[in-house]
Structures are given as structure tokens and as C-alpha cells.
Amino acid sequence: MPSVIDIHAHLNVPEAGRMMKAAAERGEVGAAAKNQGGIGITGERSANEKVLSEPEWRIKDMAKMGVDFAAISPGAPKGFYEADAELAQNVTRFVNDHAAAVVKAHPDHFVSMAIVPFQHVELAIRETERAKSLGLKAVRIPCDIAGMELSDPKLEPYWDAVEKLGLPIYIHPQGFSHPQRFKAFYMSNVVSNPLETTLAISHLIHAGVPKRHPKIKFYGAHGGGFFPFYLGRFDHAWKTRAENRVHIDQPPSSYIDSFYFDTVVFRPQQIRHLVDLVGAEHVMLGTDSPYDMGETDPVGLVDQVAGLSKAERELILKGSALKLLNMA
């Protein structure tokens, strides 16, 4: 049984990016997919490609941080959600098979999440079924699907299926839909990433997805963005605005039990506030390592949180993640 689980650990699959780049060069997806680029980010703590793509390097990085187990999550390459069914299936299968192979080779250190082609709902359902058969523990999704909100009625069959399958949903931003005001001061990451997650959670709740599918567990990256910290404002809008009550008959905070959040918020006081808002059973240790916006001392950060009981600390370090991933 692991003692510390990192719920926010990325896995890069370079071949998937090359597949999408080749498709872009053939004109099958948009030109943006031609620039898959490197994972490295300039800054004081540049991302290490080997940690992201080579499990042995990830294990060494984990040891430095006092982490012994990670839920790795491959991201879809650029242009993936524009791909037609054949290309999307080929990329998806390659990524998920690779993730399953990493877990099989290192079962004492990793479980993995999956990607699925949400732009093709029936295919996404079949791949989610296949991912579960491979032993993958969750499905990672972006905050929108090439401009389609996660609350779009077209996705309702998928939510029906994933609720029956029992796999949780990991919501992680993948770029920002309106980037023009976020170019300066690294706001493309610092502000837009948590804002994207906030928008995704807000759309899901206000459209009634957790209400209709109460068994689905959602995990919002980067502390859930701004959403859990602004529950009062969302609830106030529900009380005063009729359009916010069209799909839900309870305030947004009533659905927060469907959501889990990580500790990638960098201040112990903010983790304390998050625990007070949602409960330690919905808070999980995350690192986002080795990116420059990753946490380098995740256990030390949790240990600085004032007033945590031993039970709450254990929930954050591993218990909540085990529950989310159906490993408890």
C-alpha cells in the first residue's frame, strides 16, 4: 500500500504527437497540430522531458519529493479533438496501450488514466470500456472539446456510460479558448489554467450533469481552479438569477461532493481553506512535476497546513486518491 500518492503526474507519449503532426502535414487536422513542440518550459525549473516520458526518471523524481506512487495521466496531443474517427481511434489506442504498458512494467509505482476521443461519442464510450479492461483507473478530459462545452447534450450518452463503468473523470486544461489577454507575465498558465477548470466545473454543475449522474466522480486540477473558493458567489447567483436554476434545483455547492481537488495551490493556508470548504476526503496531494508550475515539496507543503488531524493528513496524502481511483 503506498504511503504518498501523487494524483497530478503527467505522462508524455511523443509518438502520439508525431502521429498528429503527420496528420496536420497531410491536411487532415488544423495546422496548429504541426507544432507539437517540446514539453520543456523555460523558467527556473524547466520541465524535464525524461521525467515526463521515461518511467525510471519519473520514479527518481518522485523519490526526491517523498512520493512513492503516482497516478500518471497522458495528455492528448495538439489537434487530437479535431481528428476524424479513424485517426482519433489510432492515436487513442496507441496512448492508452502505452500507458497500460508503463503500469504493467512498474506496478509498485504507477496507475494510469486514459484519454478518449470525446468528439466521437460512441467511439469514446467504446474506448472507455477498453481502457477499463486495460486496468486504467480514470479518464482525462480537457475543459472543452474543441469549443464544445463538457455540458453539451451531445455528451449525455457518454456520461450515462461512464457512470455505469465507474471510472472517475479528471478535468485538466489544455490551452485557453480566449488567449489574447493572457500573453504577458505567464498568465497563459498562472491565470488561464485555473480559469479553464473553473469554467468547466461551472458548466457541468449548472447544466445538471452531476445532478443527473451522481455516481460520477470528477477531479479538477490545480485545486479546482477558482471554483471551490468562490462557492458563495456561485450560490448567490443561483439564488438571484433564474437562468442558473434551469437545470439544478439546489445551489451549486450542493453538488461539490461529486468533485475532488488537488493541493497544487502552493500555500498551506489555501489548502487549509480548501479542506474547510470541501473536506479532506475530497483533497489529494498533487505535484504537477516536473513543470515550472509544479510543487517540489508536496509532503512538506501538506505538513505546513495548520490544524490538520492525523486522519485528514492521511486522506490528503493517499486516502482521498485511493477512493477516487476505486483502489480503497
Review point. Restricted to region 210-229, and to residues that are over 21 Å from V191 (Cα atoms) and part of a loop (DSSP other than H, G, I, E, B), which residue is most open to solvent (accessible area, probe 1.4 Å)?
Key: K215
Study note, to complete from the structure: Per the filter on region 252-280, residues open to solvent by 30 Å² or more (accessible area, probe 1.4 Å) and outside any helix (DSSP H, G or I) are F266, R267
Study note, to complete from the structure: Within region 104-122, residues assigned to a helix (DSSP H, G or I) and in contact with a helix residue (DSSP H, G or I) (Cβ under 8 Å, 6 or more places away or on another chain) come out as A105, V121, E122
Revision key, fill the gap. Counting only residues in region 69-127 that are open to solvent by 10 Å² or more (accessible area, probe 1.4 Å) and aromatic (F, W, Y), the one farthest from the chain's Cα centre (by Cα) is identified as F94
Practice item. Give the residue that is surrounded by the fewest Cβ atoms within 10 Å (Cβ to Cβ), with candidates limited to residues of region 139-174 that are in a helix (DSSP H, G or I) and of a type in the set (A, V, I, L, M, F, W, C). Key: L165
Exercise for review: Could you pull out the residue among A306, A311 that is assigned to a loop (DSSP other than H, G, I, E, B), exposed (fewer than 14 other Cβ atoms within 10 Å of the Cβ) and out of contact with any Phe, Trp or Tyr (no Cβ under 6 Å at 6 or more places or on another chain)?
Suggested key: A306
Check your understanding: In the list G225, G232, G220, which residue meets the criterion of being of a type outside the set (A, V, I, L, M), without any contact (Cβ under 8 Å) to a residue 60 or more places away in the chain and in contact with a Pro (Cβ under 7 Å, 6 or more places away or on another chain)?
Key -> G225
Practice item. Please go through region 230-250 and pick out each residue that is outside any helix (DSSP H, G or I) and either open to solvent by 30 Å² or more (accessible area, probe 1.4 Å) or of a type in the set (G, A, S) (or both). Key: R241, V246, H247, D249, Q250
Revision key, fill the gap. P194 vs (1) surrounded by fewer than 21 Cβ atoms within 10 Å (Cβ to Cβ); (2) touching a His at 6+ places or on another chain (Cβ under 7 Å): all pass except (1)
Point to revise | Some residue of region 92-103 being touching a residue at least 12 places away in the same chain (Cβ under 8 Å), part of a helix (DSSP H, G or I), in contact with a helix residue (DSSP H, G or I) (Cβ under 8 Å, 6 or more places away or on another chain) and acidic (D, E) | key: no
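The values are calculated or read from the model by the stated rules, or taken from the named source; none is laboratory data. From a predicted model like this one, the values you see are computed outputs, not experimental measurements. A quick note on method: Cβ atoms are made from the backbone with ideal geometry, for glycine too, and the neighbour counts reach across all protein chains shown. These area figures cover heavy atoms from the full protein model, side chains too; ligands, DNA and RNA do not enter into them. Shrake-Rupley method; radii C 1.70, N 1.55, O 1.52, S 1.80 Å.
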